[in-house]
Protein chains: 4
Amino acid sequence: MLLLNSDLGESYGSWHMGNDASVMPHIDQANIACGYHGGDPLVMRKTLTMAKDNNVMPGAHPAYPDLVGFGRRSMDCSSDEITAFVTYQVAAIDGMAKSLGIELAYVKPHGALYNDMMARAEVRAPIMQAIAGYHRPLRLMLQSTPQADAHRAEATALGIELWFEAFADRCYDDDGKLLSRSKPGAVHSREKMLAQVEQICKYGTVTSVNGNTLNLTPDTLCVHGDNEEGIAAIVEIRNIIHGNTR
Amino acid sequence: MLLLNSDLGESYGSWHMGNDASVMPHIDQANIACGYHGGDPLVMRKTLTMAKDNNVMPGAHPAYPDLVGFGRRSMDCSSDEITAFVTYQVAAIDGMAKSLGIELAYVKPHGALYNDMMARAEVRAPIMQAIAGYHRPLRLMLQSTPQADAHRAEATALGIELWFEAFADRCYDDDGKLLSRSKPGAVHSREKMLAQVEQICKYGTVTSVNGNTLNLTPDTLCVHGDNEEGIAAIVEIRNIIHGNTR
Amino acid sequence: MLLLNSDLGESYGSWHMGNDASVMPHIDQANIACGYHGGDPLVMRKTLTMAKDNNVMPGAHPAYPDLVGFGRRSMDCSSDEITAFVTYQVAAIDGMAKSLGIELAYVKPHGALYNDMMARAEVRAPIMQAIAGYHRPLRLMLQSTPQADAHRAEATALGIELWFEAFADRCYDDDGKLLSRSKPGAVHSREKMLAQVEQICKYGTVTSVNGNTLNLTPDTLCVHGDNEEGIAAIVEIRNIIHGNTR
Amino acid sequence: MLLLNSDLGESYGSWHMGNDASVMPHIDQANIACGYHGGDPLVMRKTLTMAKDNNVMPGAHPAYPDLVGFGRRSMDCSSDEITAFVTYQVAAIDGMAKSLGIELAYVKPHGALYNDMMARAEVRAPIMQAIAGYHRPLRLMLQSTPQADAHRAEATALGIELWFEAFADRCYDDDGKLLSRSKPGAVHSREKMLAQVEQICKYGTVTSVNGNTLNLTPDTLCVHGDNEEGIAAIVEIRNIIHGNTR
């Protein structure tokens, strides 16, 4: 059954972001910021505790070291740097989670690090190496694309496992990439979003911006709860998933 | 037998600090910076690897979040903040160490956090709670003073164990505190330093600035290798310790 | 006539804080964050532009270097450090303001730096020296207390001028300090707040928590616009001031 | 007459970098870090004071916001962000310089920001706009290349003036770019460096890695004083320049 994941714990110090308390009850996997783009230690502890209370699986959401840019700006880091700072962030949240009695399950890179991972093997490799070199197994979550088999081969070579995610509310281009937000139709209306979820659940496909059918068999769907409407949509998405698996 | 500990891994990015490679072969315990006052993830990995290669026990050296002040400025943080950021730093280096095949053994706070821990129960408590709440046992290293029994009682109440350290090259006042560096005679000449080590080894005491004898039964001695002379002194200290335990 | 000042420009990167656009039309002086506790360069430029458009006098709001603590934690900095980082922040916003065609008028320290300035001469002195040493005259804004004459003497000795501020919504103790927020009655109801403003305007006094009358002849009132109610209160405060000066 | 410029003031907090005191007496222009890749406010003040004492012209050396990467990693920032953070850094050091009685003369971007400026018009434009929009005229220092006329046209359109710099110790490729440091022969021996300086002084040319002659008529030469040898070389370079202009 398709899981739901969401980016949480992105507040920082006195700055508040997101509706974590409203989103947490409706998701399966929480991608939790680890301090490099948001999420100071107090916020991390609070978010992990909330995940525990809601029986949500915690994941690390490591980022480039760029607080003012919220990890959304690509940075030209070396492989060694990437492996080291991903390990640092993963270890920090892993130890905090374990101390709260829960187990970190996976790693989903954030923002520009995620985009660079999808676009360039030189960024993907050191992220995979960080996970492969970690002292216990963790999965890597990345985008479900037509290159999924190649990505799985890279992971298998390093002995790690993957989870693939799709996006409920975003339109795909013919290559299986998300249409850039600057383009018309990039973000689906609610109706289209629900139809896309239904199609993923029933057929394991999405229809691209040009009407082509793309095979996507994601393990998890990324959802956002920016406002009440968004949270209501998460509930509807959940219902569609349940309706298609019973 | 008295162990030797030293603060290492305090470089940061392009800035180099210390002579880690020269000091590491001569010590037993490496207090390794965890990113808050120095020690970016690459430096941490390099320092941990060096500890492993030299069979040195790694310890976390967490600090206040103050890079520009090198963690040397007292910050008025809440108990919750202290517990959370100590846990974060400890978890980060613990996971990195384990991924390199070694085990983090203890926590020694750095700079102003160390001084505040020794001076104020309100800072000592959240540090002890961070360790008590950690998912596996770690020792806390703090200064050997006439209050050692009280500190041990605090630790026992939380179920954690302590290591006490003394300083080879610093003059003590009558209360067992280090004489402020701004005072004459605060830092010992090499001769006085070696005599102080000898006295600690033989009798478990130091002589204060006013000639009083203080009972100190430290587990470990803090040493510095800032230059060739300092490193030579570490070797001599080691010889004194060996000479007094055979 | 009593002016109104407010702390603005405290967003940072992707994190939003405050209702600057709603507050700006109703105040005379904007205390603008300079990057150390909030206010990245884009936020600074936007806030200065808003001040210009509303004909509001811009002031620097420098802080301790503590983003995660929002400048609210006292830090044990040396005099030299304080003078240098206040100058840095003031210079940064001064040059940005001038490039937008407006003139920075004053400096009001933020958070813990403000509190430490009021409490300790060793913090007040380097702040005053930063302003005295600046290449053009700027006023220092500090709290109006029974020590105002002593503060004015310190400033005069350095050749700088002061603006004194009072707080509309805070209860004073008998020494002219703000009652700690942790105490009951520390923050006035709206009714009491408006009465306090009226008393300041008419008599230049406030009534302390114990019923004593304190002489306060402030130049400016600090107001907050955290929500719609707060902004409505600023308008009422403004009306009281106008009603008492016509 | 050809001037000499050098990157200085790159220490940060407790971390020391460079031999500023040894280099300063031998150069004409000091490119001073402004806090984003190095250079905290105390270091900035000290470096500006040293420039003043040695009658050296101070310049701003702004960088991407990347302390741990020392500003050496390209960051994908928007035009607005670049203009804003360059203005912030320039304003900060300008106000500090003026308060010490000296005048900031120019802006030379640091590290990756410099490289991106030379490679991409989209980075060059917002840097030039920051300077064009500054409240008083400042020059922009950039690399002397075969595209110098095009760069001058861009600058003239915005009403700003340029200084072109060449590199004494670096080998040029046929396009007038510096040969990548990873390639053999990228950094000249001392003999070749002195010959290159002589050629620049006499003929306004350099010989590329493939033996082609490139026209370069720089205003200033970038030199480094990383060790005693480097500082001796600066003195020799100075002598060559003097010998060729008398």
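Do you know which residues across the stretch A:1-18 are over 17 Å from A:Gln89 (Cβ atoms) and assigned to a strand (DSSP E or B)?
Quick first cut of the stretch A:1-18, residues over 17 Å from A:Gln89 (Cβ atoms) only: A:1-6, A:13-18.
Result: A:Leu3, A:Leu4, A:Asn5, A:Ser6, A:Trp15.
Give the number of residues within the stretch D:1-36 that are over 17 Å from C:Phe85 (Cβ atoms), facing chain B (nearest Cβ under 9 Å) and surrounded by 23 or more Cβ atoms within 10 Å (Cβ to Cβ).
Total satisfying the criteria: 1.
Output the residues belonging to the stretch B:42-73 that are more than 10 Å from chain A (Cβ to nearest Cβ), more than 20 Å from B:Thr220 (Cβ to Cβ), open to solvent by less than 30 Å² (accessible area, probe 1.4 Å) and not charged (D, E, K, R). Can you show your working first?
As a first pass, look at the stretch B:42-73 and keep what is more than 10 Å from chain A (Cβ to nearest Cβ): B:47-64, B:66-73.
Then drop every residue that is not more than 20 Å from B:Thr220 (Cβ to Cβ), which leaves B:49, B:53, B:64, B:66-73.
Adding the requirement that they be open to solvent by less than 30 Å² (accessible area, probe 1.4 Å) leaves B:64, B:66, B:69-71, B:73.
Within the stretch B:42-73, B:Tyr64, B:Gly69, B:Phe70, B:Gly71 qualify.
Looking for something assigned to a helix (DSSP H, G or I), β-branched (Val, Ile, Thr) and more than 30 Å from A:Gly133 (Cα to Cα) - is there at least one such residue anywhere in the stretch B:127-135?
There is no residue in the stretch B:127-135 that is assigned to a helix (DSSP H, G or I), β-branched (Val, Ile, Thr) and more than 30 Å from A:Gly133 (Cα to Cα).
Look at C:Asp175 and say whether it is out of contact with any Leu (no Cβ under 6 Å at 6 or more places or on another chain), acidic (Asp, Glu), loosely packed, with under 15 Cβ neighbours inside 10 Å and closer than 27 Å to C:Tyr106 by Cα.
yes
Exactly one of these conditions fails for D:Leu178: (1) in contact (Cβ under 8 Å) with a residue 40 or more places away in the chain; (2) touching a strand residue (DSSP E or B) at 6+ places or on another chain (Cβ under 8 Å); (3) of a type outside the set (Val, Ile, Thr). Give me its number.
(1)
Based on what the data block shows, is A:Ile82 facing chain B (nearest Cβ under 10 Å) and in contact (Cβ under 8 Å) with a residue 60 or more places away in the chain?
So A:Ile82 does not fit the description; no.
Working carefully through the options A:Ala155, A:Ala112, find the one that is more than 11 Å from every other protein chain (Cβ to nearest Cβ) and assigned to a helix (DSSP H, G or I).
That would be A:Ala155, the only listed residue that is more than 11 Å from every other protein chain (Cβ to nearest Cβ) and assigned to a helix (DSSP H, G or I).
So which residues in the stretch D:147-182 are farther than 25 Å from D:Ala125 by Cα and touching a Cys at 6+ places or on another chain (Cβ under 8 Å)?
Hit for the stretch D:147-182 is D:Ala168, nothing else.
Report yes if A:Ala168 is in contact (Cβ under 8 Å) with a residue 24 or more places away in the chain and not hydroxyl-bearing (Ser, Thr, Tyr), otherwise no.
Judged against the criteria, A:Ala168 is a match.
Take the residues of the stretch C:215-237 that are under 16 Å from C:Ala166 (Cα atoms) and among the β-branched types (Val, Ile, Thr): which is surrounded by the fewest Cβ atoms within 10 Å (Cβ to Cβ)?
C:Thr217
The values are calculated or read from the model by the stated rules, or taken from the named source; none is laboratory data. The model shown is predicted, which means the values in this text are computed figures rather than measured ones. Heads up, the Cβs are rebuilt from the backbone with ideal geometry, glycines too, and the neighbour counts pull from every protein chain shown. Calculation scope for accessible area: heavy atoms of the full protein, side chains included, ligands and nucleic acids excluded. Shrake-Rupley method; radii C 1.70, N 1.55, O 1.52, S 1.80 Å.
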